[in-house]
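The structure under discussion appears below in the form of C-alpha cells.
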Amino acid sequence: MVVKTMTVSNHAGDLAALLPVVQRAARGIVGVRIGEYEVQETVPGTFRVVNAHTGRDYAVQYYEGSGVWTCDCPDFKGRHLPLCKHIALVVWGSGLVNEHGVPRSCEPPF
C-alpha cells in the first residue's frame, strides 16, 4: 500500500497564494462581529454591505445557478481573488447563509 503525503514545503507557493484570501476572510468575519459592517439582504441572493464608520456600501451577489459569489468592491474586481472581506462576512459572519454557502432565502422550500 502506497500512502501519499504532502508537506507544507512542497506547496509553499500555493499556501502563500492563499494568505491574502484568508486575511480578507478573517477581516470580514471579525468586522461584522464587532459592528464595523452591517449586512442587509435586499432581494434573495443580493446583499448590501455597509461600513458603519464610512457609510461606504458594496453589493454582494450570489448566482444561484452557478453558486458563484461576486462583489462590486475594488478589491474583488482588481485583485481577481476568489473572495473579498465583504463576501466573507456575508457567507460566514452574517447568519444569512447556510452551512453549504447558499443564502437561506435561496434554499428550496422543502
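Taking 0.36 nm per residue of separation and subtracting the Cα-Cα distance, full extension of the segment from GLN61 to GLN40 would add 6.4 nm. When each of SER105, SER94 is scored by the number of other beta-carbon atoms lying within 10 Å, the sequence from fewest to most is SER105, SER94.
I need the shape label for region 20-104. Rule: rounded when a/c is under 1.5, else prolate if a/b > b/c, else oblate, with a, b, c from the alpha carbon gyration tensor. Verdict is rounded for region 20-104.
Ranked by the mean number of other Cβ atoms within 10 Å per residue, highest first, peptides 24-30, 42-48 order as 24-30, 42-48.
Label positions at GLU99 and LEU18, each projected 7 Å from the Cα along the C-beta direction, are separated by 2.1 nm. The slack between GLU107 and THR54, meaning 0.36 nm per residue of separation minus the straight C-alpha distance, is 15.8 nm.
Taken together, the values in this text are just the output of simple stated rules run on the coordinates, not laboratory data. Computed from a predicted model, the values in this text were never measured in an experiment. Please note: Cβ atoms are built from the backbone with ideal geometry, for glycine as well, and neighbour counts cover all protein chains shown.
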